[in-house]
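S.K.: Here it is, the structure in full.
The values are calculated or read from the model by the stated rules, or taken from the named source; none is laboratory data. Note that the structure is a prediction, hence the values are computed from the model and not measured. Counting neighbours? That spans all protein chains shown, and the Cβs are built from the backbone with ideal geometry, glycine included.
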Amino acid sequence: MAAIVLGLTLLSLIIWIGLLILRGQFWRADQQLEAAQTHLQSLPTICVVIPARNEADLLPITLRSLLLQDYPGDFQVFLVDDRSTDGTANFAEGVAHAVNKPQQLHIIAGESLPPGWTGKLWAVEQGIQKASVFTPDYFFLTDADIQHDVGSLRRLVAKAIQEDLDLVSVMVRLRCESLWEKLLIPAFVFFFQKLYPFRWVNNPKNATAAAAGGSILIRREALERIGGIAVIRQALIDDCALARAVKKSGNGGIWLGLSTLTRSLRPYPSLETVWQMVARTAYTQLNYSPFLLGGTLLAMTLIYLVPPVGVIVGLLMGNLAIALTSLSAWLLMSVAYLPTIRFYRCSPWLVWCLPAIAFLYTLMTLDSAIRHWQGRGGAWKGRVYRTP
């Protein structure tokens with residue numbers, strides 16, 4: 001028995017050593033947009049596309065932040081009202097008039113959702129169709145819950161021009177105010193970085209591709225080259241699907257990083273709200289594969305749960321080797337998590353909670369699969385998307 005436990009704890013320790021050394025330094029959280037130079041060599045035309053469904057509460061802040069960008073070039077904002085019932089369009093128009101920029105905002109009444117499309121992507125497609133009359137150099141795809149720093153668009157454009165990138169995306173700072181947000185949101189970002197190491201994404205020689213849907217600047221020619229938004233019209237994880245299509249098509253590269261200034265206002269005040277966010281697409285990430293699900297559950301147990309359990313078992317058995325091996329793995333796990341905790345300005349003591357947090361995310365992933373098997377997967381904004 002002791003030999004089996006020791007073997008599991010040693011394997012967990014080896015995995016953590018490998019993750020820290022070989023997994024693209026994902027844990028450093030050092031790929032940040034604000035670290036880039038912002039000198040603009042040219043002023044391309046930008047069309048901003050915002051899909052909005054019942055976002056009246058947030059638009060006075062988020063839309064205002066977009067209309068007041070300090071980008072010196074020409075940019076137009078297209079807000080697609082995705083059949084809202086809360087007066088989203090009226091609020092948007094009011095915001096534009098309040099900042100004296102009504103001519104810069106174009107409100108599009110969304111058409112009914114056709115078969116084979118997700119609601120968000122259909123709204124984005126309608127916005128791009130209308131915006132195309134301006135023949136923009138870039139489309140800026142963003143969400144209605146994002147509050148942009150005044151220099152956000154300028155930095156994104158500068159990054160794209162300086163490095164000749166087809167796509168530039170940032171994972172905006174997610175809201176981290178409530179107890180559950182502080183406990184779970186940094187871990188969500190940590191797991192995302194582990195799944196898609198940003199250095200690998202940003203390396204044109206590496207096939208890894210990802211993006212964050214709240215803030216994506218994409219070159220118009222690149223979007224046309226892959227066949228437009230229609231290519232990913234059924235994708236629930238649409239941001240990463242778009243990044244894969246662009247990177248696979250060649251030519252310019254893609255870049256993904258964090259933002260210290262631009263932030264999401266979407267609240268996650270309870271365990272249930274975070275759970276819903278994760279369970280909506282976790283099984284999609286696994287390609288609806290029971291085998292990948294089983295592998296994920298096993299891997300999460302081995303990587304995150306074995307170390308603390310091993311410490312307890314080792315102490316109870318009086319086996320110093322098991323206890324020290326487990327503690328070493330737990331320590332490496334905590335060291336890896338610390339930069340993300342610091343990025344979100346949370347208490348450093350939370351790094352020791354990562355095993356418990358990972359256990360919750362494992363349950364969310366399992367629940368995501370159960371929802372899919374019950375025909376309840378992909379629910380969002382009042383719609384349930386039937387997946388294969």
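S.K.: Condition first: among the hydrophobic types (A, V, I, L, M, F, W, C), more than 15 Å from LEU195 (Cα to Cα) and at pLDDT 95 or above. Now tell me which residues in segment 273-296 satisfy that.
M.R.: If we filter segment 273-296 for residues that are among the hydrophobic types (A, V, I, L, M, F, W, C), which is where we start, we get 274-275, 277-279, 282, 286, 291-293.
This time we only want the ones that are more than 15 Å from LEU195 (Cα to Cα), so: 274-275, 277, 279, 291.
Matches in segment 273-296: VAL274, TRP275, PHE291.
S.K.: Restrict the check to segment 201-214 and report whether at least one residue is more than 17 Å from the chain's Cα centre (by Cα), outside any strand (DSSP E or B), aliphatic (A, V, I, L, M) and surrounded by fewer than 19 Cβ atoms within 10 Å (Cβ to Cβ). Full working, then the answer.
M.R.: The initial filter retains those residues of segment 201-214 that are more than 17 Å from the chain's Cα centre (by Cα), namely 203-207.
From the residues that got through so far, the ones that are outside any strand (DSSP E or B) too are 203-207.
This time we only want the ones that are aliphatic (A, V, I, L, M), so: 207.
After this cut, where a residue has to be surrounded by fewer than 19 Cβ atoms within 10 Å (Cβ to Cβ) as well, the list is 207.
There is at least one residue in segment 201-214 that is more than 17 Å from the chain's Cα centre (by Cα), outside any strand (DSSP E or B), aliphatic (A, V, I, L, M) and surrounded by fewer than 19 Cβ atoms within 10 Å (Cβ to Cβ).
S.K.: Within segment 8-65, which residues are touching a strand residue (DSSP E or B) at 6+ places or on another chain (Cβ under 6 Å) and closer than 30 Å to SER84 by Cα?
M.R.: ILE46, CYS47, VAL48, VAL49, ILE50, PRO51, ALA52, ILE61, THR62, SER65, listed by residue number.
Per-residue answers, yes or no, for (1) part of a strand (DSSP E or B); (2) in the same structural domain as ALA369 (by TED's automatic domain parsing):
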{"position": "GLU221", "(1), (2)": "no, no"}
{"position": "ASP239", "(1), (2)": "no, no"}
{"position": "ALA243", "(1), (2)": "no, no"}
{"position": "VAL246", "(1), (2)": "no, no"}
{"position": "LEU258", "(1), (2)": "yes, no"}
{"position": "LEU292", "(1), (2)": "no, yes"}
{"position": "LEU305", "(1), (2)": "no, yes"}
{"position": "GLY310", "(1), (2)": "no, yes"}
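S.K.: Run VAL168 past the list (1) surrounded by fewer than 18 Cβ atoms within 10 Å (Cβ to Cβ); (2) touching a Gly at 6+ places or on another chain (Cβ under 9 Å) and report the number of the one that doesn't hold.
M.R.: The one condition VAL168 does not meet is (1).
S.K.: Among (1) within 30 Å of ASN203 (Cα to Cα); (2) of a type outside the set (Val, Ile, Thr); (3) out of contact with any Phe, Trp or Tyr (no Cβ under 6 Å at 6 or more places or on another chain), where does PRO290 come up short?
M.R.: (1)
S.K.: In segment 147-164, which residue that is surrounded by fewer than 24 Cβ atoms within 10 Å (Cβ to Cβ) and among the aliphatic types (A, V, I, L, M) is nearest to the chain's Cα centre (by Cα)? Step through it out loud before you land on a result.
M.R.: Start the filter on segment 147-164 by keeping residues that are surrounded by fewer than 24 Cβ atoms within 10 Å (Cβ to Cβ), which leaves 147, 149-151, 154, 158-164.
Cutting the leftovers down to among the aliphatic types (A, V, I, L, M) gives us 150, 158, 160-161.
Working: VAL150: 21, ALA158: 22, ALA160: 19, ILE161: 23 Å.
Of everything passing the filter in segment 147-164, ALA160 is nearest to the chain's Cα centre (by Cα).
S.K.: For segment 103-128, how many residues are more than 25 Å from the chain's Cα centre (by Cα) and loosely packed, with under 15 Cβ neighbours inside 10 Å?
M.R.: Of the residues in segment 103-128, 6 are more than 25 Å from the chain's Cα centre (by Cα) and loosely packed, with under 15 Cβ neighbours inside 10 Å.
S.K.: Please go through segment 277-290 and pick out each residue that is assigned to a helix (DSSP H, G or I) and either surrounded by fewer than 16 Cβ atoms within 10 Å (Cβ to Cβ) or charged (D, E, K, R) (or both).
M.R.: Filtering segment 277-290 for residues assigned to a helix (DSSP H, G or I) gives 277-285, 290.
Listed by number, the residues that qualify are ARG280, PRO290.
S.K.: Let me spell it out: the conditions are (1) among the small types (Gly, Ala, Ser); (2) in a helix (DSSP H, G or I); (3) touching a residue at least 40 places away in the same chain (Cβ under 8 Å), and SER42 meets all of them except one. Which number is the exception?
M.R.: Tallying (1) among the small types (Gly, Ala, Ser); (2) in a helix (DSSP H, G or I); (3) touching a residue at least 40 places away in the same chain (Cβ under 8 Å), SER42 fails exactly one: (2).
S.K.: Given the options ASP143, ASP82, name the one that is of a type outside the set (A, V, I, L, M), within 19 Å of the chain's Cα centre (by Cα) and surrounded by 21 or more Cβ atoms within 10 Å (Cβ to Cβ). If you could, list the steps in order and put the result at the bottom.
M.R.: Details: ASP82 fails: within 19 Å of the chain's Cα centre (by Cα).
Of the residues listed, the single one that is of a type outside the set (A, V, I, L, M), within 19 Å of the chain's Cα centre (by Cα) and surrounded by 21 or more Cβ atoms within 10 Å (Cβ to Cβ) is ASP143.
S.K.: Moving on to the next point. Only one of these conditions is not met by ARG173: (1) more than 19 Å from TRP255 (Cβ to Cβ); (2) surrounded by fewer than 23 Cβ atoms within 10 Å (Cβ to Cβ); (3) not small (Gly, Ala, Ser). Which number is it?
M.R.: In the conditions (1) more than 19 Å from TRP255 (Cβ to Cβ); (2) surrounded by fewer than 23 Cβ atoms within 10 Å (Cβ to Cβ); (3) not small (Gly, Ala, Ser), ARG173 misses (1) alone.
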